[in-house]
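The values are calculated or read from the model by the stated rules, or taken from the named source; none is laboratory data. This is a predicted model, so every value here is computed, not measured. Positions of Cβ are generated from backbone atoms using ideal geometry, with glycine treated the same way; all protein chains shown enter the neighbour counts.
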Amino acid sequence: MHPPDGGQGLQTGVQDAVNLGWKLAQVVKKRSPENLLDTYHTERHPIAARVLRNTLASVALRREDERTRALRDTMAELLSMDEPRKRFGGMLSGLDIHYDLGGGHPLLGRRMPDLDLVTTKRSLRVFTLLHEGRPLLLNFGEPGGFDITPWADRLQSIDVKYVGGWELPVVGAVAAPTAVLIRPDGYVAWVGERTHVGLPDALATWFGPPTTASCTSKAVAIALGAAAIAKAGLDCPECRSGLSRTFLMR
């Protein structure tokens, strides 16, 4: 239990549900191993703990003794400055959340901005594409630059254009990526920076191994490589054989 200050508990609960929901669906449909569910606690427990700390601090500031009034005045002065106000706003809204998914581009592990995109057929926003609750690969580079055939049964891949600056809450302006892989909860699982490096690993980690029918193909062997095949749980004789043939043919 905690005070309802700022609606932090509400937005935390909604994000908890979305974070866990798509992972449960992956496991129930046997697309991902059960250890995917462990990432729920890893990602969300620190967020809930921070909300409890914030609301406790907020309640403490309501005391009417002389020391608390002095502290409250000091906090008000701090929040009159742009940087503290920006950070505090990001914390209260949950827009500053950053899951530790490794190093690299600042987008990795953060909520994808709701950009205005242009496709060959129409204009639309990022969040509209997430309404289906499916993972999404947005390619901002050369059309057709990604072959996701082994994951095509569970992933949307769309070539798009975006004209404008990239800016994240609290972080500020960031470099434009050439591609992003977005989880169903809206958080970025992989960022392409003029390379495909790491994409097969991210796909296998979050959305399960490629379809069995494709695991022995040359295309998958090229895309995955030995490390990703093992990580995806596909270290079978057929996969190893397909991988060996692929590298011999290179």
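Structure notes:
- Residues that are of a type in the set (Lys, Arg) and at pLDDT below 95, drawn from region 9-62: Lys29, Lys30, Arg31, Arg50, Arg53, Arg62
- For region 100-118, the set of residues classified as in a loop (DSSP other than H, G, I, E, B) and either under 20 Å from Ser157 (Cα atoms) or assigned by TED's automatic domain parsing to the domain that holds Glu142 (or both) consists of Leu107, Leu108, Gly109, Met112, Pro113, Asp114, Leu115, listed by residue number.
- Sub-8 Å Cβ pairs linking a first residue in region 93-115 that is surrounded by fewer than 19 Cβ atoms within 10 Å (Cβ to Cβ) to a second residue that is of a type in the set (Lys, Arg) and at pLDDT 95 or above, at least 6 apart or interchain, are Leu95/Arg111; His98/Arg110; Asp114/Arg125; Leu115/Arg125, ordered by first then second residue.
- Of the residues making up region 105-160, those that are over 18 Å from Leu203 (Cβ atoms) and aliphatic (A, V, I, L, M) are Leu115, Leu117, Val118, Leu124, Val126, Val160.
- Subset of region 89-110 [within 8 Å of the chain's Cα centre (by Cα) and more than 19 Å from Ala176 (Cα to Cα)]: Tyr99
- Test set (1) at pLDDT 95 or above; (2) more than 16 Å from the chain's Cα centre (by Cα) - Pro150 fails condition number: (1)
- Region 119-137, subset surrounded by 18 or more Cβ atoms within 10 Å (Cβ to Cβ) and part of a loop (DSSP other than H, G, I, E, B), residue nearest to the chain's Cα centre (by Cα): Pro135
- Pro84 vs. criteria assigned to a helix (DSSP H, G or I), out of contact with any Pro (no Cβ under 7 Å at 6 or more places or on another chain) and under 30 Å from His131 (Cα atoms): no
- Annotation: Lys86 fulfils all but one of (1) touching a residue at least 40 places away in the same chain (Cβ under 8 Å); (2) of a type outside the set (A, V, I, L, M, F, W, C); (3) in contact with a Phe, Trp or Tyr (Cβ under 7 Å, 6 or more places away or on another chain); the unmet one is (3).
- Within region 62-78, being surrounded by 12 or more Cβ atoms within 10 Å (Cβ to Cβ) and in a loop (DSSP other than H, G, I, E, B) holds for one residue alone: Arg63.
- Some residue of region 1-11 being polar (S, T, N, Q), surrounded by 15 or more Cβ atoms within 10 Å (Cβ to Cβ) and either farther than 23 Å from Leu155 by Cα or assigned by TED's automatic domain parsing to the domain that holds Arg154 (or both): yes
- Residue check for Glu167: under 17 Å from the mean Cα position of the chain (by Cα), closer than 21 Å to Gly208 by Cα and acidic (Asp, Glu): no
- Inclusion of Ser58 among residues that are of a type in the set (Ser, Thr, Tyr) and either surrounded by 12 or more Cβ atoms within 10 Å (Cβ to Cβ) or not in a loop (DSSP other than H, G, I, E, B) (or both) is warranted.
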